[in-house]
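Everything on this sheet refers to the single structure shown next.
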Amino acid sequence: MPRVRKTPLPASARLWQMVSPGDFIDGYAVESPLSPRDAADIGLSMPGWAAALLRLRNAIMRPFGLKTEVSDTGDGAIFPVTFEDSRELILGADDIHLDFRITVLRHDGRIHMATWVHRHNLLGRIYLTAVMPFHILIVRDSMRRIARHRPTIASSPSAQ
């Protein structure tokens, strides 16, 4: 199975247009033939333990007025798509404590996933520090699931 590598996001990624000094950005990559959309669908379909953590996060953060809706659309959506082309898919949202985006980029036979966070205030700094250990576990698990997925290639009928 291809190995998950912690690696910088390629310079060609559109996400770099958002990054400012002091922002958080990480990056992971695995060898994969998947498209960014297919990789995101696999990687962001959270296993039970990660979904439970997200529910806990939502219950804790709801009183602070932070976004807690888990869907692709709507004003409160946590993971709406903000950009998509054949090479890159970017999703995420802006909130009162921080802005974040996740990019899934296909580059040189690999799928790269990176998370960018711009903190607005003390709550944003505390939040990022508190979720970081869970973020790393979730992203690494997502990348392992992407690496394990092998598209089925239909075989052509043999000539008679």
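Each value in this text was obtained by applying a stated rule to the coordinates, not by laboratory testing. It should be emphasised that the depicted structure is a prediction, and the values quoted were computed from it without experimental measurement. Methodologically, a virtual Cβ is constructed for each residue, glycine included, from the backbone with ideal geometry; neighbour enumeration extends over all protein chains shown.
If you take all other residues with their beta carbon under 13 Å from the beta carbon of residue 119, and give Lys and Arg +1 and Asp and Glu -1, the sum is -3.
Computed 3J(HN,Hα) for the stretch 22-37, one whole-Hz value per residue from the Karplus formula 6.51 cos²θ - 1.76 cosθ + 1.60 where θ = phi - 60°, is x, 6, 8, 8, 10, x, 9, 8, 9, 5, 6, x, 5, 6, x, 5, glycine and proline marked x.
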